[in-house]
Amino acid sequence: MKTIKLLFLLIFTLSFSQINAQSIKAQERQNNKVKLFSDSEFANLHIWFYNEVQKMNLSENADNEYSSILNMHVGRMSRLDDKDKGYSKEEMIKRFNEIFDKLNIDIKPVLNENQFTQHIEIMNVLSQAILNKLKLKA
């Protein structure tokens, strides 16, 4: 019985320390984030992007795959200007373009030709907005 209590206490303590370590990492990550767009700019871009994607008339399956691939690559893009990365403006732009190209390669099999053309048009507008902001950064 004593062993079970000791084992339970050990597991509880290790679990708590793991959760605490994760929350510290999450806090550090949050502290390193840099906002490229103001809240209103982001909201406007988000609404515009959503409306444009709706015009693509994706099937449910294609929409799920499209969203998954897009979120993965956009997540990577959004971390490029974090303080902990230490990238120069030129490095950020270079890495952004690399991720952008990889995104388009990964998305292409999910979409038909017309949808892919629409995707490229949408992403070119979005990309230009992001690159303009990156170029303006000090």
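The values are calculated or read from the model by the stated rules, or taken from the named source; none is laboratory data. These numbers come from a predicted model, not from an experiment. Positions of Cβ are backbone-derived with ideal geometry, glycine not excepted, and every protein chain shown enters the neighbour counts.
Within region 75-94, which residues are part of a helix (DSSP H, G or I) and surrounded by 14 or more Cβ atoms within 10 Å (Cβ to Cβ)?
Initial filter on region 75-94 (part of a helix (DSSP H, G or I)): 75-78, 89-94.
Within region 75-94, ARG76, MET77, SER78, MET92, ILE93 qualify.
List the pairs whose first member sits in region 56-77 and is assigned by TED's automatic domain parsing to the domain that holds ILE105, whose second member is acidic (Asp, Glu), and whose Cβ atoms are under 8 Å apart, counting only residues at least 6 apart or on separate chains?
Filtered contacts from region 56-77: ILE69/ASP106; HIS73/ASP106.
Going by the conditions given, is LYS133 surrounded by fewer than 15 Cβ atoms within 10 Å (Cβ to Cβ), charged (D, E, K, R) and touching a residue at least 40 places away in the same chain (Cβ under 8 Å)?
So LYS133 passes the test.
Going by the conditions given, is GLU52 part of a helix (DSSP H, G or I), among the charged types (D, E, K, R) and farther than 15 Å from SER127 by Cα?
Numbers: part of a helix (DSSP H, G or I): yes; among the charged types (D, E, K, R): yes; farther than 15 Å from SER127 by Cα: no.
No, not satisfied.
Suppose we filter ASN97, ASN114 for residues that are surrounded by fewer than 16 Cβ atoms within 10 Å (Cβ to Cβ), out of contact with any helix residue (DSSP H, G or I) (no Cβ under 6 Å at 6 or more places or on another chain) and at pLDDT 95 or above; which single one remains?
ASN114
Being surrounded by 13 or more Cβ atoms within 10 Å (Cβ to Cβ), modelled with pLDDT of 55 or more and aromatic (Phe, Trp, Tyr) narrows it down to one of PHE49, PHE42, so name that one.
PHE49
Have a look at GLU90, GLU60 and point out the one that is over 16 Å from the mean Cα position of the chain (by Cα) and modelled with pLDDT under 90.
Just a single option satisfies the conditions, and that option is GLU90.
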